[in-house]
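**Student:** For reference, the structure I am asking about is given below.
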Amino acid sequence: MICNRISGSIGQPLAQPDALLLPFHTSRRWVGFQQIVRLEGVGNYTLFVFADGSQLVVALTLKRLMNRLPTDQFVRIHRKHVVNRAFITGVRQRTHVAVLSSGDEVSIARRRIALLMREVRSIKN
């Protein structure tokens, strides 16, 4: 008998197509990609900022996490910042800043500003 779904030790699936397994204070929980506003690299740690305003620090680098995130939903705009495209409301080209619906303003690398401007224009149209 072949099982279509592989289960973890608690009976939860090892992978979910629209979520990321993150360690919280007492356990690990699946967090939907649509709940993640942005990620910020802080050395060998990553700060997650969620839509409800809460934050979580995880002991993984941005590079390792980028392999686990869907590239059609998340974009790396700076060596320290990854944002969810759904939360980008605007780009200030002169100051190289992305404005998010949460009110956060995140730096954009000079080399990535043109790409992000094209994406924002295509989203608005």
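**Student:** For the pair LEU21/ASN44, report the inter-label distance in nm, with labels modelled 7 Å from Cα in the Cβ direction.
**Tutor:** About 2.2 nm, to one decimal.
**Student:** First compute the accessible area of region 35-100 with a 1.4 Å probe, then give the percent of it belonging to carbon and sulfur atoms.
**Tutor:** The value for region 35-100 is 47 percent carbon and sulfur by accessible area.
**Student:** Still on this structure, please answer the following. I'd like to compare 77-89, 61-73: which one has the highest average count of other Cβ atoms within 10 Å, and what's the full order after that?
**Tutor:** Result, highest mean Cβ count within 10 Å first: 77-89, 61-73.
**Student:** Would you mind putting 110-116, 98-104 in packing order, based on average other-beta-carbon counts within 10 Å, highest first?
**Tutor:** Put in order of decreasing packing, that is 98-104, 110-116.
**Student:** Related question: What whole-number value in Å² describes the accessible area per residue of region 38-125 for a 1.4 Å probe?
**Tutor:** 61 Å²
**Student:** Quick check: residue separation of SER107 and ARG121 times 0.36 nm, minus the Cα distance between them. What number comes out in nm?
**Tutor:** 3.2 nm
**Student:** Still on this model: Among residues other than SER54 whose Cβ falls under 15 Å from its Cβ, what is the net charge (Lys/Arg +1, Asp/Glu -1)?
**Tutor:** -1
The values are calculated or read from the model by the stated rules, or taken from the named source; none is laboratory data. Nothing here was measured: the structure is a model prediction, and the numbers come from that model. Reconstructed Cβ throughout: ideal geometry from the backbone, glycine too, with neighbour counts over all protein chains shown. Heavy atoms of the whole protein, side chains included, go into the accessibility calculation; ligands, DNA and RNA do not. Shrake-Rupley method; radii C 1.70, N 1.55, O 1.52, S 1.80 Å.
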